[in-house]
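Please treat every number below as a calculation from the coordinates, not as lab data. Everything numeric here is computed off the predicted structure, so don't read it as measured data. Cβ: placed from backbone, ideal geometry, glycine included. Neighbour counts: every protein chain shown.
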Amino acid sequence: MASNIATFPNLLTFLRMALIPVFATLLFYGKSDLALLVFVIAGISDGIDGFVARRYNQQSELGTILDPIADKLLMTTAFIVLSMKGFLVTEVKHLPVPFWVTAAVIGRDVLIVVVAGAINIMTGFKGFKPSWLGKASTLVQVMAVTLILVAAVTRQSFHLPTVYTIVVLLAIASGVHYIFHVGKLMGEAESQKS
């Protein structure tokens, strides 16, 4: 059991979760440059843990559960903190992040959790997997937070309104798409039973 928990990918996921309060604290104290570094390390660890798990057959049930939770916690924390006034010590236009962007990111995640939870309670279905559009949305969110932090550090706006619009459109599209994606997964599971 311990060997399934202490895999390298799981340790990277734990590291990513441990970096979340460090990231938020650095932003709170106006250290945008260090917060950017911590966020990039967390993002890289996310890519590495998935690659190592698949490449070296170190996938585990714990990792399957923890990895998306770590992603959601990191992105939710990032968008909440970056939308609060006073956290980014900068004069850059279009900062802090508008609340409607944060609401869309969090709303998508809440929708997915509620839909998955309701389906699990009603049917017992557990075969939830991320959709390709959901993965694309998460990647865009990571890139957006990186750009926002780079904008804060360099004092350049980097077309932030366009970045915000893309994040929101993908969040909405992936949230709606996930409902159909889960329906397809459930259909596939039923056909395998029969």
Report summary line: Per GNM of the chain with C-alpha springs under 10 angstrom, the most fluctuating residue out of Val115, Val81, Val153 is Val115
Query - Approximate spin-label separation Met84-Lys184, in nm, with each point projected 7 Å along Cα-to-Cβ - result: 3.9 nm
Query raised in the report: Which value does Rg/Rh take for segment 70-128 over its C-alpha atoms, Rh per Kirkwood?
Result: 1.18
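Over the Cα atoms of the chain, compute the convex hull volume and normalise it per residue, giving Å³.
Details: hull volume 24.0 nm³, N = 194.
It comes to 124 Å³ per residue, whole-number rounded.
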**Report entry** Residue of Ala173, Ala104, Ala42 that the Gaussian network model of the chain assigns the largest fluctuation, springs spanning Cα pairs under 10 Å
**Finding:** Ala173
**Report entry** Vicinal HN-Hα couplings computed from phi for segment 37-42 (Karplus, 6.51 cos²θ - 1.76 cosθ + 1.60; Hz; Gly/Pro x)
**Finding:** 4, 5, 5, 5, 4, 4
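In debye to the nearest 20, how big a dipole does the chain give about its Cα centre with +1 on each Lys and Arg Cβ and -1 on each Asp and Glu Cβ?
Values: 14 positive and 10 negative charges, 30 e Å.
So the dipole magnitude of the chain works out to roughly 140 debye.
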Query - Among Ala116, Leu19, Val97 - extreme Cα towards positive end, dipole of segment 2-193, charges at beta-carbon - result: Val97
Query raised in the report: Gaussian network model of the chain, Cα springs within a sub-10 Å range: biggest mean-square fluctuation belongs to which of Val142, Val22, Val97?
Result: Val22
Report task. Return, for the Cα atoms of segment 1-77, the radius of gyration and Dmax in Å, separated by a comma. Result -> 13.1, 42
Query raised in the report: How far is helix 61-82 tilted off the main Cα axis of the chain, in degrees rounded to 10, range 0 to 90?
Result: 30 degrees
Report summary line: the chain: relative contact order from alpha carbon pairs under 8 Å, six or more residues apart, as a whole percent, is 24 percent
Report summary line: Per 10 angstrom bin, beginning at 0 and ending with the bin that holds the maximum distance, the Cα pairs of segment 92-184 fall in percents of 16, 42, 25, 13, 4, 0
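Count charges around Glu188 for me, please; just the other residues with Cβ under 15 Å from its Cβ, Lys/Arg as +1, Asp/Glu as -1.
Numbers: positive: Lys126, Lys129, Lys184, Lys193; negative: Glu190.
Here the charged neighbours net out to +3.
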